[in-house]
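*Asks:* The structure that follows is given in the form of structure tokens.
The values are calculated or read from the model by the stated rules, or taken from the named source; none is laboratory data. This structure is a prediction, so every number in the text was calculated from the model and none was measured. Using ideal geometry, Cβ is built from the backbone for each residue, glycine included, and neighbour counts are taken over all protein chains shown.
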Amino acid sequence: MMRRALLIGCNWGLVHLGAYRQAGIDVVGLLGRHEEPVARIARQQGIPHALTRVEEIAELAPDLVSLATPAVSHGDWLNRLSDYPVICEKPLLGLTGSPADLAERTQPVWVNYAFAFLDSARLLAQILPTLGPVQRVSLACHYRLPLTFTPAQWWLEVASHPLSFLAHRLGEPRLAAVHSPYALSATLGGVPAELYCGPAAAPGSLSAVGAAHPGRPAAASPATTGPVRPGAMSR
């Protein structure tokens with residue numbers, strides 16, 4: 001039985017904290033890159049140990065590790081944590097990872113798909129089947145956070161969450177056209193989709209706005225209509 005967990009990542013990692021405590025699992029440590037903020041956050045959250053080196057994990061003997069670092073680092077971390085069961089934030093292997101990166105692991109990895117458990121996502125999942133065939137999809141994700149990610153990384157960190165929900169509901173995503181680093185046309189199970197992931201107007205914000213349009217034919221495929229405008233996708 002799992003009794004002791006450790007968090008890696010001082011931002012998204014804290015999302016896992018409440019769930020562990022609600023399940024009666026003791027969070028014994030928090031690991032991050034810089035000593036001062038890790039110690040401060042651990043103290044604020046009542047986590048007894050603040051770590052900055054992977055070698056320190058063994059001393060705490062966790063039964064489970066939550067990995068919530070930027071997606072581009074997941075492959076490296078999963079190899080370094082090969083002897084521990086891991087719950088990993090998605091996407092699992094970032095931009096350049098390969099399933100071969102997991103070959104050395106001796107313990108299981110679970111991938112966190114939390115978006116589907118939001119109240120709004122649960123409601124959409126309930127009503128979507130009653131609305132008839134979906135003809136087109138619009139998805140807009142906005143961010144303005146103090147992180148130095150490339151546009152491609154932001155797609156992984158932000159848009160992948162609602163996009164995974166839509167893919168599970170509608171079908172496999174396939175890229176149709178790239179209009180800019182922030183705007184794509186695609187299909188989801190054959191349904192035309194307009195996808196946007198770009199900076200928000202307000203600082204310190206993160207949001208996702210989506211719409212499925214059932215029961216009415218699309219006027220044209222997004223792949224032939226030019227760049228996706230954020231304003232049009234947020235209505």
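*Asks:* Of all residues in region 165-181, how many are of a type in the set (Gly, Ala, Ser) and closer than 13 Å to VAL137 by Cα? Give the derivation first.
*Replies:* Residues of region 165-181 that are of a type in the set (Gly, Ala, Ser), as a first pass: 167, 171, 176-177, 180.
Remaining after also requiring closer than 13 Å to VAL137 by Cα: 167, 171.
So the answer is 2.
*Asks:* Does ASP26 qualify as being modelled with pLDDT of 95 or more and among the acidic types (Asp, Glu)? Break it down into steps so the answer makes sense when it comes.
*Replies:* Details: modelled with pLDDT of 95 or more: yes; among the acidic types (Asp, Glu): yes.
Spelling it out, ASP26 is indeed modelled with pLDDT of 95 or more and among the acidic types (Asp, Glu).
*Asks:* Can you tell me how many residues in region 1-18 are closer than 16 Å to PRO62 by Cα and either surrounded by fewer than 18 Cβ atoms within 10 Å (Cβ to Cβ) or of a type in the set (A, V, I, L, M) (or both)?
*Replies:* 9
*Asks:* Pull out all pairs, ordered by first then second residue, where Cβ-Cβ is under 7 Å, the residues are six or more apart or on different chains, the first lies in region 171-188 and is touching a residue at least 24 places away in the same chain (Cβ under 8 Å), and the second is of a type in the set (Phe, Trp, Tyr) and part of a strand (DSSP E or B).
*Replies:* TYR182/TYR196; ALA183/TYR196
*Asks:* Quick check on my filter: what residues within region 132-186 are of a type in the set (Lys, Arg) and either in a loop (DSSP other than H, G, I, E, B) or surrounded by fewer than 16 Cβ atoms within 10 Å (Cβ to Cβ) (or both)? Spell out the reasoning first.
*Replies:* Start the filter on region 132-186 by keeping residues that are of a type in the set (Lys, Arg), which leaves 136, 144, 169, 174.
Of everything in region 132-186, those that are of a type in the set (Lys, Arg) and either in a loop (DSSP other than H, G, I, E, B) or surrounded by fewer than 16 Cβ atoms within 10 Å (Cβ to Cβ) (or both) turn out to be ARG144, ARG174.
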